[in-house]
1. Can you send over the carbon and sulfur percentage of the accessible area for the chain, probe radius 1.4 Å, protein chains only?
2. For GLY155, enumerate residues with amide H under 5 Å from its amide H, sequence gap 5+ or separate chain, H modeled in the peptide plane.
3. What is region 1-82 by shape, rounded, prolate or oblate, if you read a ≥ b ≥ c off the alpha carbon gyration tensor as root eigenvalues and call it rounded for a/c under 1.5, prolate for a/b larger than b/c, and oblate otherwise?
4. Determine the shape class of region 215-317: with a ≥ b ≥ c the square roots of the Cα gyration tensor eigenvalues, call it rounded for a/c under 1.5, and otherwise prolate if a/b is greater than b/c, oblate otherwise.
5. Determine the sum of side-chain charges near TYR132: Lys and Arg each +1, Asp and Glu each -1, restricted to other residues whose C-beta is under 13 angstrom from that of TYR132.
6. Sort the following peptides by mean Cβ neighbour count (other Cβ atoms within 10 Å, averaged over residues), highest first: 77-88, 243-254.
7. Once fully extended, how much extra length lies between GLU306 and ASN107, figured as 0.36 nm per residue of separation less the alpha-carbon to alpha-carbon distance?
8. Where does the chain land at 222 nm, in deg cm²/dmol rounded to the nearest 500, when only DSSP H runs of n ≥ 4 count, each adding -39500 (n - 2.57), divided by all residues?
Amino acid sequence: MSGIITVVAPVNIAVIKYWGKRDEELIIPLNDSVSATLDTNVMCAKTSVCVSPDFTNNEIWLNGKKESFTSPRLQNCLREIKLRAVAERSVDDVFLSWKIHVCSENNFPTAAGLASSAAGYACLVTALAKLYKIKSDVSSIARLGSGSACRSVYGGFVHWHAGVKADGSDSVATQIVGSSHWPQMRALILVVGDDRKKVSSTKGMKISKETSELLQYRIEKCVPRRTEEICEAIKNKDFSKFAEITMKDSNQFHAICLDSYPPFAYMTATSLKIIDFVHKYNEICGEPRVAYTFDAGPNACLYLLEEEVSKVLGLIQYLFPTTISDSFIKGLDTKATPASEEVLQNLSLQPEAKDSVKYVIYTKVGDGPTEVTDGSSLLNDAGWPVNPVIE
Ligand code: DP6
């Protein structure tokens, strides 16, 4: 058997959104996108892989449960990794012929809709690249698993270039700046309760591409300028500019969802209340101090600088009361400062129904995938799951 490789990989939250594919099969986007990679100490996917002449089939376990290996996206990732290994002559043919075992889990609820596929595929592809000793950039292979996964291959702030080639070989992610460049940058993820069955990103993108005129306008006119400007804002640590572009781009993405036909919406009344709160807060401050962004679901990701965190958390606790007070704020250590009467009066917002925000995850910008060598592999010495779920 080969050695077991174990990797942890981060989630990323886009500030310029990817929405729409030029090529569905190869997952090539219609536009560039930009994101921040978040700390793996707070949220991560973890994956162990190994190959052996004793394995009879390729097998995969997700969160302990055996899943089918036949998904085309999974197959594409493994095929491309092996082709790279052949091109780079990094392993021999015998090694390449052995079957593989993959065991993967997330340390956060998959159902919360928190970019789990991005972390999962970045983790898988990085682990495979290490197993097959690949040296070149693998973001274009992670992209074949889930578009946004290519951005989780790097830490800090990341730019996914749409590319122009038909085979997608130039549709890759590059790092704008590393995780230590803007050390004060923080993120608060507000997990919003929602039981509705939503349109998957893959399906939503397809409807938007086929029907939304606003999407065409966005691709031609808005994204190129915004991408350039936000990269500059990140390099210059210009929070006001960063915040304004982030919020406008999130709003435009959700406007496209409503401009699609039939339309669909990811934000709920609670999401809209969060938007209202952020704008009022920024108005009181006289400049943008908090930026919101929403993906294909109702959860908010608020970007803000460290000095704002406890004040903003105090306001969130007031506006979105909880019945689980002891574990409402998860992640990095912090304390909420209770909101002052004056600020509350200026905000003039009433608290929402209890638990409309289920909990908050406090995190920061972090590094890309890393190999774990502390012996906490998800596969045992024979290459089988350490903690299988027996059904
Ligand atoms: C709204 O990467 O999940 O989060 O490529 O079809 O797997 P597929 O879609 P996915 O889409 C993410 C969409 C988004 C915006 C973003 O992350 O840029």
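The values are calculated or read from the model by the stated rules, or taken from the named source; none is laboratory data. The structure displayed is predicted, hence computed values, not measured ones. Cβ placement follows ideal geometry from the backbone for every residue including glycine, while neighbour counts extend to all protein chains displayed. Ligands, DNA and RNA are excluded from the accessible area calculation, which covers all protein heavy atoms including side chains. Shrake-Rupley method; radii C 1.70, N 1.55, O 1.52, S 1.80 Å.
1. Working: 8630 of 17160 Å².
Looking at the chain in its full context, I get 50 percent from C and S.
2. Here the answer is GLY368, since their amide H atoms fall under 5 Å of that of GLY155.
3. On the way: a/c = 2.56, a/b = 1.47, b/c = 1.74.
Oblate.
4. Numbers: a/c = 2.54, a/b = 1.21, b/c = 2.09.
The shape class here is oblate.
5. Details: positive: ARG79, LYS82, ARG84, ARG89, LYS130, LYS133, LYS135; negative: GLU80, GLU88, ASP92, ASP93.
Residues near TYR132 contribute +3 overall.
6. Numbers: 77-88: 17.0, 243-254: 21.5.
So the peptides 77-88, 243-254, ranked by packing, come out 243-254, 77-88.
7. Working: separation 199, 0.36 × 199 = 71.64 nm, distance 2.39 nm.
Length difference between fully extended and current span is 69.2 nm.
8. On the way: 11 runs with 130 residues, N = 391.
After summing the helix terms and dividing by the residues of the chain, the value is -10500 deg cm²/dmol.
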